[in-house]
Amino acid sequence: MGKSPGKKRGSKPAGTEPNAWSVADAQERFAELLDAAASHGPQTIVDNNRSFKLTLARSRWSPEAKELLLSGGRVGTAGKAGKP
């Protein structure tokens, strides 16, 4: 917990890109990643030679959606979203 958001462990040297996270850090600290995107702007998740930007799209607040993302799947009625 002593690490600040955006610092990453991985193949790229720290400081190469601000707000960069390794995939492992993003998985381990997913709630922090979401909070950092909300409060500090876009966050980059780096995996080998690929990078992904996580940004906050402002819409109506949905605590169920955050719970679904943090749990990695089904939460209450939110699990019904995956029906065909």
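Rule-based calculations on the coordinates, nothing more; no lab input. These numbers come from a predicted model, not from an experiment. In this analysis, Cβ positions are derived from the backbone assuming ideal geometry, glycine residues included, and neighbour counts consider all displayed protein chains.
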Quiz item: How do 32-39, 64-71 rank on mean C-beta neighbours within 10 Å, highest first?
Solution: 32-39, 64-71
Self-check item: Stretchable slack from THR55 to GLN27, in nm (0.36 nm times residue separation minus alpha-carbon distance)
Solution: 8.5 nm
